[in-house]
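Input: a single structure, listed below in structure tokens.
The values are calculated or read from the model by the stated rules, or taken from the named source; none is laboratory data. Small disclaimer: the values here were computed from a predicted structure and weren't measured. Note that we place each Cβ from the backbone using ideal geometry, even for glycine, and neighbour counts take in every protein chain shown. SASA here: full protein model, heavy atoms, side chains in, ligands and nucleic acids out. Shrake-Rupley method; radii C 1.70, N 1.55, O 1.52, S 1.80 Å.
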Amino acid sequence: MKKPRIIGIGSPSGDDQAGWLVVDTMKSRLPPEVELIQLDRPGSALIPLLENTSHVILIDAMQGGGQPGDIHHFINDEWENYGQGLSSHGLGVFDALMLAKELDCLPETLDLYGIEIGSALPGDPASEAIISAAEQLAERITQTWQHVLN
Amino acid sequence: MTEQRKSLTLKVPVLTRVEGEGALDLRIVDGNIEELRLRIFEPPRFFEKFLEGRHYSEVPDIVARICGICPVAYQMTAVQALEKLFGVEVSPWVHDMRRVFYCGEWIQSHALHIHLLAAPDFFGCNSAIELARIHPDVVRRGLRLQELGNEIMALFGARSVHPVGLRVGGFHHAPALSQVKILRQKLMDAIPEAEALVRWTSSIPLPADSQPFVSVALKHDSTYAIETGFIAASDGFLVDSQEYDAHFAEYQQPYSTALFSAYHQQPYLVGPLARLNLSQNQLPENIRKLIAETGLVFPNGNVFISMAARAVEILFALQEAARLLGNYAVPDSRHVSVRPRAGIAFGATEAPRGLLWHRYEVDEAGLIKNARIVPPTSQNQARIEEDLRLSLLNFGLNQPDDALRLHCEKVIRNYDPCISCATHFLRVNVERSSS
């Protein structure tokens, strides 16, 4: 099995750093050949990053009515049912995934993780709940994919 | 609605598929347009104020933040204005590579607008996702072109969104020859795709809607103006960027957080169609031939043709970038030294959406005393309102509300308004009533 491409989406605003924090944590634990990418509102530029690989792990902040730090896992096309509420980058990421699906560009496996966030004010640090959730999720992904990542 | 209804209020509370937040209010009384307002309500962003007291060297990175789609336009206009004031002469390498950098932004921005924002309107689709269901190959091609534009921007700017490569005096970084060779080959390979895009956009049936208006754009003696040229208008007017203020006046409308702009007291058009209306003869022969083959005619008074104009400019920008990168060599020096000088700096370039004008007052230490930035969307606002009035009368005010709303949105999207830049933007509200 090929190594998955891991993409964390975020921004420097408070809890919205969640996706970036997961990738930051994984950087220190994984061999350098693992593709770890941090993006800020990629829009349609996300689509080429879903291609030429069989497996993509995508991590983004979300507001789905849960508690900050709650982690949700959507496999393959489960995210479609979530509509526009999936991500704080809202239409951007969701539209890009919908467009990729219409264009038959989705990888064989798409693991989408959403971390519930609270406040996302520009310049604020991420809250403790998000730092801890990012650590937990990084550990979970590393453990789950240990056999292919290392 | 019924045919008897002569009065109506149509409100498009949030205009979709435009960059930023705005709305349109339309009030029809006894079959006449009583009120038509393009309301930009995105909060003011105060960039001009942020620049005050900043060192000139910080300006390119600050102005890049004005827009995620056209940061290069803001950076280029700023650095060139400051270089002119400081008496800095950049190397031919810097000149050429800046034009390539700018071509990248045109390709990226135009491909985004055609495929994700404007084209769905002409196929009865609500979004690019729906368009992708009926024309997947067209959308795929559009995304490939957009990505290529992003790659050019990232090559010189380290990243495509808010790039950091430009500085007053030149570039921070020169890409390696090996990287340039790979990218140039991709550009060459994409030229047939861009030609096909010109054919596709020019084959789309458009509403017959020719209107009289003044086109304003940069014009250059020997090239298709992008980063340099005189400010020209279709009535024969031609001035240097420092004369802009004497002929163009910004004014406020209480319903918009973006300033409006008038040329000799009248609305005017900036953008790809304005550029082609003024400079189609500066295009390379193969592109002029393709334009003739496809039946496109410039100058053209039908703003619906803007999508095809963008496709023509994508083709031009690809060819131009490939040409300029043909003899690429890593230079000995990526920039020249700069010594600030007090005075007033003026600059104008052609952002993807049209003329962009900057003015900076600088002190002896190179600190910005005040700044003025006039983006293309503010300049197009009055023309969009004028176009809507004429276009709606042509379309018929007795059309159903939904058809009116869609027509208004289609007209507005021809201009690819970047509300975030202008705020400075679309919701549509139509109100019909009898007196």
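At a Förster distance of 30 Å, what's the computed FRET efficiency of B:Leu390 paired with B:Ala246, Cβ-Cβ distance as r, to 0.05? It would help to have the intermediate numbers written out before the result.
On the way: r = 29 Å, r/R0 = 0.95.
Calculated value: 0.55.
Might you report the magnitude of the Cβ-based charge dipole of chain A about its Cα centre, with Lys and Arg at +1 and Asp and Glu at -1, to the nearest 20 debye? If you can, show how the numbers build up before the last one.
Details: 8 positive and 22 negative charges, 81 e Å.
So the magnitude is around 380 debye.
With both partners inside chain B, how many of the DSSP beta bridges are antiparallel, as a percent to the nearest 5? Could the numbers behind the result be given before it?
Details: 41 of 51 bridges.
Taking every DSSP beta bridge with both residues in chain B, the antiparallel ones total about 80 percent.
Show me, for segment B:251-258, the HN-Hα J-couplings you get by feeding each phi into the Karplus relation (A = 6.51, B = -1.76, C = 1.60, θ = phi - 60°), rounded to Hz, glycine and proline as x.
So the J values, rounded to whole Hz, are 8, 9, 10, x, 8, 10, 7, 9.
What net charge is computed for the residues neighbouring B:Asp96, neighbours being all others with C-beta under 12 Å from the C-beta of B:Asp96, Lys and Arg scored +1, Asp and Glu -1? List each step's numbers first, then the result.
Working: positive: B:Arg98, B:Arg99, B:Arg323; negative: B:Glu227, B:Glu320.
Once all neighbours under 12 Å are counted, the net charge is +1.
Please say if segment B:43-195 is rounded, prolate or oblate, where rounded means a/c under 1.5 for a ≥ b ≥ c the square roots of the C-alpha gyration tensor eigenvalues, and otherwise the choice is prolate for a/b larger than b/c and oblate otherwise?
Details: a/c = 3.03, a/b = 1.50, b/c = 2.02.
Here segment B:43-195 falls in the oblate category.
In the protein assembly as shown, if the dipole is taken from +1 on Lys/Arg beta carbons and -1 on Asp/Glu beta carbons about the Cα centre, which of B:Ala81, B:Asn150, A:Phe74 is farthest to the positive end?
Selected residue: B:Ala81.
Considering protein heavy atoms only and a 1.4 Å probe radius, which residues within segment A:95-137 exhibit an accessible-area decrease of no less than 30 Å² in the full assembly relative to the chain by itself?
A:Leu99, A:Glu102, A:Leu103
For chain A, which whole-number percentage of the solvent-accessible area (1.4 Å probe, protein heavy atoms only) is attributable to carbon and sulfur atoms? Mind dumping the intermediate values first?
Numbers: 3190 of 6560 Å².
The computed percentage sits at 49.
Please sort by residue number the GluC sites (Glu not before Pro) in segment A:96-150 whose DSSP state is loop and whose Cβ has at most 14 other Cβ atoms within 10 Å. List each step's numbers first, then the result.
Working: sites: A:Glu102, A:Glu108, A:Glu116, A:Glu128, A:Glu135, A:Glu139; in loops: A:Glu108.
Within segment A:96-150, the qualifying GluC sites (Glu not before Pro) (loop, at most 14 other Cβ atoms within 10 Å) are A:Glu108.
Quick one: how many Å² of B:Leu177 are accessible to a 1.4 Å probe, rounded to 10?
Rounded to the nearest 10, that gives 70 Å².
How are the C-alpha pair distances of chain B spread across 20 Å bins, as whole percents from the shortest bin up?
27, 58, 15, 1
By accessible area of protein heavy atoms, probe 1.4 Å, what ranking do B:Asp189, B:Asp121, A:Asp70 get, highest first?
On the way: B:Asp189 95, B:Asp121 10, A:Asp70 65 Å².
Accessible-area ranking of B:Asp189, B:Asp121, A:Asp70, largest first: B:Asp189, A:Asp70, B:Asp121.
Heavy atoms only, 1.4 Å probe, whole protein assembly: order B:Lys11, A:Lys3 by accessible area, highest first.
Largest to smallest exposure gives the sequence B:Lys11, A:Lys3.
Taking K and R as +1 and D and E as -1, what net charge do the other residues with C-beta under 9 Å from the C-beta of B:Phe260 add up to? It would help to have the intermediate numbers written out before the result.
On the way: positive: none; negative: B:Glu250, B:Glu385.
Around B:Phe260, the surrounding residues sum to -2.
Please work out the average accessible area per residue across segment A:1-146, using the 1.4 Å probe convention, and give it in Å². It would help to have the intermediate numbers written out before the result.
Numbers: 6310 Å² over 146 residues.
About 43 Å² of surface per residue is accessible.
Going by a ≥ b ≥ c, the root eigenvalues of the Cα gyration tensor, does segment B:308-370 fall in the rounded group (a/c under 1.5), the prolate group (a/b larger than b/c) or the oblate group?
Cα axes put segment B:308-370 in the oblate bin.
Just the number, please: buried accessible area between A and B, total of both chains, 1.4 angstrom probe, nearest 100 square angstrom.
Values: alone 7040 and 16860 Å², together 22960 Å².
Answer for the A-B pair: about 900 Å² buried.
Which of A:Val22, A:Val34, A:Val93 moves the most in a Gaussian network model of chain A with Cα springs under 10 Å?
A:Val34
Among DSSP beta bridges whose residues both lie in segment A:9-119, state the antiparallel percentage, nearest 5.
Numbers: 5 of 14 bridges.
The answer is about 35 percent antiparallel.
Give me the percent of DSSP beta bridges within the protein assembly as shown that run antiparallel, rounded to the nearest 5.
Numbers: 46 of 72 bridges.
Here the share of antiparallel DSSP bridges comes out near 65 percent.
What accessible area per residue, rounded to a whole number of Å², is obtained for segment B:179-307 using a probe radius of 1.4 Å?
Numbers: 5760 Å² over 129 residues.
Result: 45 Å² per residue.
With a point put 7 Å past each Cα toward its Cβ, work out how far B:Cys125 is from B:His220 in nm, to one decimal.
3.4
Can you sort B:Lys84, A:Lys101 by solvent-accessible area, 1.4 Å probe, largest first? Write out the running numbers ahead of the final one.
On the way: B:Lys84 110, A:Lys101 80 Å².
From most accessible down to least: B:Lys84, A:Lys101.
Restricting to DSSP H runs of at least four residues, report the calculated mean residue ellipticity at 222 nm for the protein assembly as shown, -39500 (n - 2.57) per run over all residues, nearest 500 deg cm²/dmol. Provide the component values of the computation, followed by the final result.
Numbers: 18 runs with 226 residues, N = 585.
When only DSSP H runs of four or more count, the value is -12000 deg cm²/dmol.
Where in segment A:1-78 are there trypsin sites (Lys or Arg not before Pro) that are in a DSSP coil and have at most 16 other Cβ atoms within 10 angstrom of their Cβ?
Working: sites: A:Lys2, A:Arg5, A:Lys27, A:Arg29; in loops: A:Lys2, A:Arg29.
Here the sparse-neighbourhood loop sites are A:Lys2, A:Arg29.
When the accessible area of each residue in segment A:43-64 is compared between its chain alone and the complete protein assembly (1.4 Å probe; ligands, DNA and RNA ignored), which residues differ by at least 20 Å², being lower in the assembly?
So the qualifying set is A:Ser44, A:Ala45, A:Pro48.
Using +1 at the Cβ of each Lys and Arg and -1 at the Cβ of each Asp and Glu in segment B:212-300, identify which of B:Asn277, B:Ala217, B:Val239 lies farthest towards the dipole's positive end.
Going by the Cα projections, it comes out as B:Asn277.
Are there any residues in segment B:131-162 with a reduction of at least 50 Å² in accessible surface when going from the isolated chain to the assembly of protein chains? Probe 1.4 Å, please list them by number.
B:Arg140, B:Leu143
In chain B, what percent of the accessible surface is made up of carbon and sulfur (1.4 Å probe, ligands and nucleic acids excluded)?
The computed percentage sits at 50.
List the residues, sorted by chain then number, that are 5 or more residues from A:Thr53 or on another chain and whose placed amide H is less than 5 Å from its amide H.
Correct list: empty.
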